[in-house]
Amino acid sequence: MENKAKEKGTAQLTINGKTIDLPILGGTVGPDVIDIRTLYKNAGVFTFDPGFTSTASCESQITYIDGGEGTLLYRGYPIDQLADNASFVEVAYLLLNGELPTAQQLEDFDWTIRRHTMLHDQIDQFFRGFRRDAHPMAIMVGTVGALAAFYHDSTDVNDPEARMISAHRMIAKMPTIAARAYKYSVGQPFISPRNDLDYASNFLRMCFAVPAEDYEPSPTLARAMDKIFTLHADHEQNASTSTVRLAGSSGANPFACIAAGIASLWGPAHGGANEAALNMLREIGSVDQIPEYVKRAKDKDDPFRLMGFGHRVYKNYDPRAKVMRETCHAVLDELGVKNDPLLAVAMELEKIALEDDYFVEKKLYPNIDFYSGITLKAMGFPTEMFTVLFALARTTGWIAQWSEMIEDPSQKIGRPRQVFTGDTARDYVPITKR
Ligand code: SDX
């Protein structure tokens with residue numbers, strides 16, 4: 001990747017009686033940044049930004065979010081246009097390569113992905129080492145991390161060809177791994193991928209077919225699954241993507257980096273929110289219980305949060321949530337579960353939260369996780385699988401961001417500093433004198 005941020009002026013910082021100039025850099029859209037790479041050398045101080053709420057960690061050309069407007073662009077294309085018009089494989093090509101594919105490029109890429117969906121036969125033995133009741137995210141973290149033990153011929157991060165093969169392998173094999181994690185948890189035999197099926201249909205069949213009876217998803221469900229993958233594919237420098245970049249900055253192999261991203265995504269404040277949101281709706285149980293839970297969410301002394309609400313960046317409606325809401329209704333209509341009690345609670349909770357002063361003032365809107373859980377439950381996935389599906393889709397974004405980081409001429413190993421408030425040097429005290 002060629003660095004494209006341009007100098008737009010200079011910021012001056014006066015500290016400890018010394019004034020230093022810091023370049024101001026600007027991108028194609030979004031806030032300018034103050035380049036502080038020389039700050040410690042020239043002023044002997046660090047910046048302090050826990051949670052990185054005001055810190056740009058890298059230059060990127062992949063995804064852009066306008067949190068105030070509630071817009072999300074993948075390589076410049078609005079998420080709703082991609083979700084409505086493109087397939088997930090087409091979006092994966094766009095995220096990896098920067099441009100929408102021609103018909104021939106898409107055919108070739110799709111052919112390649114379909115022929116990387118199988119797993120090394122030994123990996124099926126690997127799965128059998130887990131307990132049947134293991135959380136599928138634990139299985140996914142372990143299995144993806146172990147891929148380097150099976151595909152060590154594409155782990156040379158400095159070889160563009162190896163990076164491309166790893167990217168294809170990760171995108172193609174995550175559905176097979178995710179489906180196996182599900183099948184293993186329900187005690188059913190693994191179903192092999194088929195090259196004649198599209199990405200989403202292949203995944204749904206690997207999840208829901210059994211040797212005794214095949215499974216062919218309806219076009220509506222396959223399209224819904226495909227859209228859900230597109231909505232979850234990438235999202236700037238979120239916690240899990242930043243984890244992948246930091247792991248990759250040391251030169252770690254791509255499988256290890258993606259496993260690190262999966263581990264970070266698992267948290268309920270991040271990708272685990274779809275599982276947590278559905279569990280919350282179940283806990284609320286009925287519409288008349290909602291006021292009590294909204295009261296708890298506002299109480300600073302109560303750790304309860306409305307899962308599926310709020311976002312570090314979006315201070316407007318998450319544009320993915322809008323598409324997710326439409327997809328949710330399409331799936332529920334298709335499956336004839338229009339009267340899902342959890343959906344009734346979700347719709348009423350959304351209505352109340354969008355009118356409540358606390359949520360309005362704090363700009364806490366429903367995010368993508370609010371509706372994805374209800375949709376995936378209706379499609380037959382157990383709650384524990386929701387974050388696995390998020391990780392399946394986000395693997396494409398992680399791989400695209402990891403590749404961009406490797407190709408960034410300015411990238412170096414990530415090594416944040418700290419403000420130390422612990423004990424200064426002191427001598428050891430023998431145990432007899434403590
Ligand atoms: C994802 O980063 C990404 O892009 C993530 C993601 C992606 O695609 O990668 O979009 C996926 O992780 C979506 C978010 C899923 N998480 C949840 O739904 C969990 C519930 N949400 C909260 O945990 C929270 O909103 C976060 C973690 C998402 C954001 O946390 P922040 O950055 O601390 O939120 P904030 O600074 O905007 O909070 C403002 C205020 C705070 O109160 P004050 O300290 O100002 O008094 O709102 C409060 C927060 O305490 N608040 C909530 C709340 N979320 C924030 N209060 C009640 N319920 C909530 N859900």
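Computed over the chain, the per-residue total of -39500 (n - 2.57) for DSSP H runs of n ≥ 4 gives a 222 nm mean residue ellipticity of -15500 deg cm²/dmol, rounded to 500. Of all lysines in the structure, the ones whose alpha carbon falls short of 23 Å from that of Lys363, not counting any fewer than 8 places away in one chain, are Lys295, Lys298, Lys300, Lys315, Lys322, Lys351. Stokes-Einstein diffusion for segment 6-56 at 20 °C, viscosity 1.002 mPa s, with a Kirkwood radius from C-alpha pairs, works out to 179 µm²/s. Here the Karplus curve 6.51 cos²θ - 1.76 cosθ + 1.60, taken at θ = phi - 60°, turns the phi angles of segment 224-238 into couplings of 4, 4, 4, 5, 4, 4, 4, 4, 9, 5, 7, 6, 6, 9, 5 Hz, with x standing for Gly and Pro. When both segment 323-359 and segment 393-434 are represented by their alpha-carbon centers, they are found 41 Å apart.
Full extension of the segment from Phe52 to Thr383, taken as 0.36 nm per residue of separation minus the current Cα-Cα distance, would add 116.1 nm. With viscosity 0.692 mPa s and temperature 37 °C, the Kirkwood radius over alpha carbon pairs of segment 174-237 converts through Stokes-Einstein to a diffusion coefficient of 265 µm²/s.
Over the chain, the hull volume per residue, using the convex hull of the C-alpha atoms, is 204 Å³. Spatially, segment 1-43 and segment 239-307 are offset by 33 Å when compared through their Cα centroids.
Which FRET efficiency value, to the nearest 0.05, do you get for Glu334 and Lys41 by plugging their Cβ-Cβ distance into 1/(1 + (r/R0)^6) with R0 = 56 Å?
0.40
As a fraction of the 1.4 Å probe accessible area of the chain, surface on carbon and sulfur atoms comes out at 52 percent. Between Asp427 and Arg312, the FRET efficiency estimated from the beta carbon spacing at R0 = 51 angstrom works out to 0.70. In the context of the full set of protein chains, the chain has a per residue accessible area of 49 Å² (1.4 Å probe). Between the amide H of Ala11 and those of Leu22, Ile24, distances stay under 5 Å, these residues lying 5 or more places away or on another chain, with hydrogens modeled in the peptide plane.
Extension gain for the segment Ile34 to Asn158, taken as residue separation times 0.36 nm less the Cα-Cα distance, is 41.6 nm to one decimal.
The values are calculated or read from the model by the stated rules, or taken from the named source; none is laboratory data. Quantities reported herein were computed from a predicted structural model and do not represent experimental measurements. So basically every Cβ, Gly included, is an ideal-geometry build from the backbone, and we count neighbours across all protein chains shown. For accessibility, only protein heavy atoms count, side chains too; no ligands or nucleic acids. Shrake-Rupley method; radii C 1.70, N 1.55, O 1.52, S 1.80 Å.
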